[in-house]
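Before any comments, here is the structure.
The values are calculated or read from the model by the stated rules, or taken from the named source; none is laboratory data. What you see is a predicted model; the values in this text were computed from it and never measured. Here Cβ is always computed from backbone atoms with ideal geometry, including for glycine, and neighbour counts include all displayed protein chains. Side chains included, ligands, DNA and RNA excluded: accessible areas come from the protein's heavy atoms. Shrake-Rupley method; radii C 1.70, N 1.55, O 1.52, S 1.80 Å.
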Amino acid sequence: MPKSHHAEDQTKRSGVHLPGVLGDVSISAICAGFIAVAVSYAGPMLVIIQAAQRAGLNDDQTASWVWAVSVGSGIVGLVLSLFTRQPVVVAWSVPGSALLLTVLGDYEFSDAIGAYIVAGLLGLVLSLSGLFGRLLAAVPRPILAAVLAGVLLPFVLNVTGAVLASPVVAGGLAVAYFVGRRLFPKYAVPGALVVGVVLSVIAGQAQSPELSLAVTVPLFTVPTFSIQAIMGISIPLLIVTMAGQNGPGLVMMRTSGYAPNDRLLLTGTCVASVIFAPFGSHAINLAAITAGICCGREAHEDPAKRYIAGAAGGVFFIGFGLFSATILDLFAAVPGELITAMAGVALLGALQGSMLDMLDTGSHGPAAIEAAVVTLIITASGIAPLGIVSPFWGVLAGTAVYLLLSVGRGRRTVKTTAGDAAQ
């Protein structure tokens, strides 16, 4: 895939130069980073809390888990965004959290920590070898774009349900976003967020949280290793993280016009996974859904300056992790419909871009569109047979359909054309 102009510019400008960074800072990019983190805390973080409760973890272990995934994600996202000059959004494995909902309680917590380390080391091998990146590059671009569209589509569709449930807050937020797109497109997303918060207060849907500012102290757990935990946690966690998070995360960056160095980015996340595992982190990886908020036009009209959104997200993650208990209480006071609507409108631009890429066959021919539609349907369905998330099955089915419809067709066409010419 050829690099875009701004991807080439990012490569030339890579590295941390403080004066240049300060000149690229914008309110829209900082707001995009904040919204990306807010969406992560308002939704996926709750899965971690549920998994911890089901596994019988105590408050200190749960707080340490939240601290580890937040601070680990923040450090990696901040460093990689500033170094590459690309909006690198890093978070924890959402499908991995869902997996742990059902299996974490079956093992000793120290064995689970050991399994997290093994999964991180296996991911590091795949990252350093470049094998995962090569596999991803071999899949036709329309199929990868369809995976991304399938991941984003449910979040955008959820806006309709939020509007029906809360017409004033969610509906007002959606209207404010489109008015903002017309009047001040650069600040449409932060403007919509402000309107949504104000409306939730006026409508009486925002609660008054009882906040106590306290720094979270991480808890170190000495890892132990068991074959049962490695087979039951490490392998499934590796599969769902690479297929359900890192793959769509790289696709998001590519469809946004960037040329991510998959070895560098994945190596960084895997190293962080290993380092923060003893504190409770199950997996740190590239974000897929929230990356769309920082990679899109809402972050900045100039793609070369959107890396500030990734860096800002990293700073907010670190800050939220240090005061994780307080932040969770704060987000609990905000109506869920506001967060749902905010995520949906913030991802509209990314969904539009992926849809356009899905229909751009390039040199792949019409078979790629049919394969992409199959990929979109399966990915958006949310199925997870064998505990493996839908993006993996979407890519698998789409690639199989593409090969079935295209392999050998070009050769037969050439033979037919040659025969016609001889006659």
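In percent, how large is the relative contact order of region 173-274, given Cα pairs closer than 8 Å and 6 or more residues apart? Write down the numbers at each step before the final one.
Values: 29 pairs, mean separation 12.5, N = 102.
Computed over region 173-274, the figure is 12 percent.
Taking region 124-176 on its own, what percent of its Cα-Cα pair distances exceed 14 Å? Write out the running numbers ahead of the final one.
Values: 931 of 1378 pairs.
That fraction is 68 percent.
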Inter-label distance for Ile227 and Ile383, nm, one decimal - labels placed 7 Å from Cα along Cα-to-Cβ: 3.3
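If you take the alpha carbon radius of gyration of region 94-157 and divide it by 2.2 N^0.38 Å, what ratio comes out, to two decimals?
Details: Rg = 16.2 Å, N = 64, 2.2 N^0.38 = 10.7 Å.
After normalising by residue count via 2.2 N^0.38 Å, the value is 1.51.
What helices in the chain pass both tests, a Cα length along the helix axis of 24 Å or more and a mean Kyte hydropathy of 1.0 or higher, using whole DSSP H runs?
Numbers: long enough: 59-84 (37 Å, 0.97); 109-129 (30 Å, 1.72); 141-165 (37 Å, 1.90).
Helices meeting the span and hydropathy rule in the chain are 109-129, 141-165.
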With 0.36 nm assigned to each residue of separation and the Cα-Cα distance removed, Asp106 to Val217 gains 37.3 nm
Per the charge dipole of the chain (beta-carbon charges, Lys/Arg positive, Asp/Glu negative, Cα centre), the residue among Ala63, Ser354, Leu264 reaching farthest to the positive end is Ser354
Thinking of the chain as a set of Cα atoms, what percent of all their pairs are more than 34 Å apart? 30
Need the full-extension length gain, Val194 to Ala400, defined as separation in residues times 0.36 nm minus the C-alpha distance. One decimal, nm. 69.6 nm
Residue-normalised value, i.e. accessible area per residue, for region 237-362 at 1.4 Å probe, in Å², stands at 27
Write down the radius of gyration of region 180-257 and its Dmax, each obtained from C-alpha positions, in Å. 22.0, 59
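Rounded to the nearest 20 Debye, what is the dipole magnitude of the chain about its Cα centre when Lys and Arg each give +1 and Asp and Glu each give -1 at the C-beta? If you can, show how the numbers build up before the last one.
Working: 19 positive and 19 negative charges, 269 e Å.
The dipole of the chain has a size of about 1300 debye.
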For the chain, the longest stretch holding no GluC sites (Glu not before Pro) located in a DSSP loop with at most 16 other Cβ atoms within 10 Å is which? 302-423
Ignoring any ligand, DNA or RNA, what whole percent of the accessible area of the chain comes from carbon and sulfur when the probe is 1.4 angstrom? 68
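Work out the FRET efficiency for Gln207 and Leu356 from their Cβ-Cβ distance, taking R0 = 45 Å, and round it to the nearest 0.05. Working shown, then result.
Details: r = 40 Å, r/R0 = 0.90.
Working from the Cβ atoms, E equals 0.65.
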Accessible area of region 60-178 divided out per residue, in Å², using a probe of 1.4 angstrom: 33
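For Gln53 and Val179 in the same chain, what is the full-extension length gain: residue separation times 0.36 nm, less their Cα-Cα distance, in nm?
Values: separation 126, 0.36 × 126 = 45.36 nm, distance 4.23 nm.
In short, 41.1 nm is gained.
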